[in-house]
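Structure first, commentary second.
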Amino acid sequence: MTDLMSLPEWAALEQHRDALAPQHLRRLFADDAQRFTSLSLRQGSLFFDFSKQRITSDTVRLLIALARARKLDQGIRRMAAGEPVNFTENRAALHIALRARRTCHVAGQEVSGEVRATRARTRALVDDLRTGRMTGATGKPLRRVVNLGIGGSDLGPRMAHRALAPWSDGRIAVDYVANVDPRELHDVLERAHPDETLFVLSSKSFSTVETLTNARSAREWLTRELGEAAAARHFVAVSNNVAAAREFGIASDHCFALPEWVGGRYSMWSAIGLPLACALGMDGFEELLDGAREMDEHFLDTPWESNLPVVMALMGIWNTNFLDAPTLAVLPYSHGLADLPAYLQQLDMESNGKRIDRDGHAVMVATAPILWGGTGTVGQHAFHQLLYQGTRTVPVDFIVIAGDDDPAQRILVDNALAQAAALMAGRTEEEALAQLRAQGADEEAARWLAPHLVCPGNQPSSTLLLPTLTPRSLGQLVALYEHKVFVQGWIWGINSYDQYGVELGKQMARALEGGAAAAAELLDGSTRGLLATVAALRATNRP
Ligand code: F6P
């Protein structure tokens, strides 16, 4: 494929960037009273203000020309038609089929029936569990669900569960265990009783070491108390590898299939969402799917100028490739969305942290941003300092829930808007001086201190405003980011749906499991030294 940087559309954007560079965002706002109106979009319950990005309407026009040159329309059509956009694994990436009303196909085969059938089975299990009809080995109703999974088999349901906690009636307690560090499982099991606990073993591949190790420990904990036969009633599995789940001892009617064409990090809409559905009830879970479907329909049908995922993706391309911003901070001003940055980290960085294009050539431009973040206002008292006076451009996505008129909620929202405004406007030396004089500082001291108070501002940000956090608005929000990632991956020409990189670390870990001696040839001096030090420390720890 044509090298991105050799496209005339790329050169036009570079020229435009250079021309725009001297203009501070303050100036852009001062020059255009309509800026907020022309650089914001509304879709469903989401309002997206991107007027604090370092752009003008011309930037949007030029970025859309770039998307056109990269044949984004073809990409969207191929993805929605179930063609193998995951080109290295020759697979579709059709997570939209999990929430679609229309009939969807993968490689010409209708898949909507399969989706409906799994959903119906999920509903039956969720209903049985929530009404106390699903009992364990001792006849007691199962009241606690423990999800054992990692990455895409954990982060989505975990994030949504926390976000939607007020929507859960507490009939079923749900916990998530991802880490192979035994502490995590131990802490969860400490508050669980074997006779009322259901384990959901979530693993697309059913070969992930962490998940299988935790599953074995959980089974041991359960059967120690209830006997071997009990496991059958206390474990269900969600996997694309049903044969392996059966081999693990999970009954067929407790296995839920995860289609191959759903990537792990795009799977919370499938039976991987089971623990979430147990907490919310199936109707709440389906409302989440409805929200996502609304965003899908918008994405597939809306001209790019007013297409929320496309515009958001283009802002990212602009910041990453033209402003050279290496990171994206996601700052939800919502305690419920505390796990969103971690979820988006996998979605964005595992999808687009790539360097080779469809033709096997190196991508000559930066790809996925380093995504990080945390909740406001907590971060204001920690890392925001760097956003104000550090030396780098740090684009931010502020996510703000308008909420109700509760006084604390008002403080939260005011702070979010204030941060976006202050990061944009900054504080000049004259303003700092005026402030110090007004506080009564003597002239010499004021002049000495003023440079330390200067904040250059001009930090680009977008603000996503949601009226309330509901299953529907969360579905819209998550699907928005999914499509954003797709659009960016398509423009960069990379495969957003494989993850060969992480395999290298797994191979190395497997080699180490055989012991330092077995892995000696593979290992560098540092790792050999560390292994020997670990062994010595363990020996001294031995009682
Ligand atoms: O190692 C990365 C990864 O494969 C992710 O892509 C995936 O979400 C996670 O591990 C868990 O995989 P699985 O669902 O197959 O256990």
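I need the calculated FRET efficiency for the pair Ala418 and Glu14, taking r as the beta carbon distance and R₀ as 25 Å, to the nearest 0.05. Calculated value: 0.15. Among Lys71/Lys484; Lys52/Lys484; Lys204/Lys506; Lys354/Lys506; Lys71/Lys204, which pairs are too far apart, with a Cα-Cα distance over 24 Å? Too far apart for the 24 Å limit: Lys71/Lys204. The calculated 222 nm mean residue ellipticity attributable to helices in the chain amounts to -14500 deg cm²/dmol, summing -39500 (n - 2.57) over DSSP H runs of n ≥ 4 and dividing by all residues.
Only the Cβ atoms of Lys and Arg (+1) and of Asp and Glu (-1) were treated as charged; on that basis the dipole of segment 501-541 about its Cα centre amounts to roughly 140 debye. Going through segment 1-86, which trypsin sites (Lys or Arg not before Pro) have at most 13 other Cβ atoms within 10 Å and a DSSP loop state? Within segment 1-86, no trypsin sites (Lys or Arg not before Pro) qualify (loop, at most 13 other Cβ atoms within 10 Å). Look at the alpha carbon pairs under 8 Å that are at least 6 residues apart: their mean separation over the length of segment 1-51 gives a relative contact order of 19 percent.
Using only side-chain charges placed at the Cβ, +1 for Lys and Arg and -1 for Asp and Glu, the dipole size of segment 435-543 relative to its Cα centre rounds to 340 debye. Placing one identical point scatterer on every Cα of segment 218-377 and ignoring solvent, what is log10 I(q)/I(0) from the Debye formula at q = 0.12, 0.16, 0.20 Å⁻¹? So the normalised log intensities are -0.79, -1.16, -1.40. Among the GluC sites (Glu not before Pro) within segment 84-144, those in coil by DSSP and having at most 16 neighbouring Cβ atoms inside 10 Å are Glu89.
Overall size of segment 501-541 from C-alpha positions, given as principal axis extents largest first: 35, 18, 16 Å.
Across segment 194-286, the volume of the C-alpha convex hull divided among the residues equals 96 Å³ per residue. The amide H of Ala325, built 1.01 Å from its N in the peptide plane, has Thr320 as neighbours under 5 Å, considering only residues 5 or more places off or on other chains. Which one, Leu94, Met424, Val478, is farthest towards the positive end of the dipole of the chain when Lys and Arg carry +1 and Asp and Glu -1 on their Cβ? Among Leu94, Met424, Val478, the one farthest towards the positive end of the dipole of the chain is Leu94. Amide H to amide H distances under 5 Å link Val238 with Leu201, Ser202, Ser203, Phe256, where only residues 5 or more positions off or on other chains count and H is placed in the peptide plane. Each residue of segment 405-543 gets 367 Å³ once the volume of the Cα convex hull is shared out per residue.
Normalising the average separation of contacting C-alpha pairs (under 8 angstrom, six or more residues apart) by the number of residues puts the relative contact order of segment 346-435 at 21 percent. Put simply, the amide H of Asn147, placed in the peptide plane, has neighbours under 5 Å in Asp175, Tyr176, Val177, Val200, leaving out anything fewer than 5 places away on its chain. Among the trypsin sites (Lys or Arg not before Pro) found in segment 160-230, those both in a DSSP coil and sparsely packed, with 15 or fewer other Cβ atoms within 10 Å of their Cβ, are Arg171, Arg191.
The alpha-carbon atoms of segment 113-288 define a convex hull whose volume equals 103 cubic angstrom per residue. Remark: the chain projects, on average over all directions, an area of 30.8 nm² (convex hull of Cα atoms).
Based on Cα contacts under 8 Å between residues 6+ apart, the chain shows a relative contact order of 19 percent. The charge dipole of segment 248-381, taken about its Cα centre with unit charges on the Cβ of Lys, Arg, Asp and Glu (plus for the first two, minus for the last two), comes to roughly 580 debye.
Bear in mind these aren't lab numbers, they're just calculated from the coordinates by the rules spelled out. Quick caveat: nothing in here was measured; it's all calculated off a predicted structure. Cβ coordinates were reconstructed from backbone atoms using ideal geometry, including for glycine residues, and neighbour counts include every protein chain displayed.
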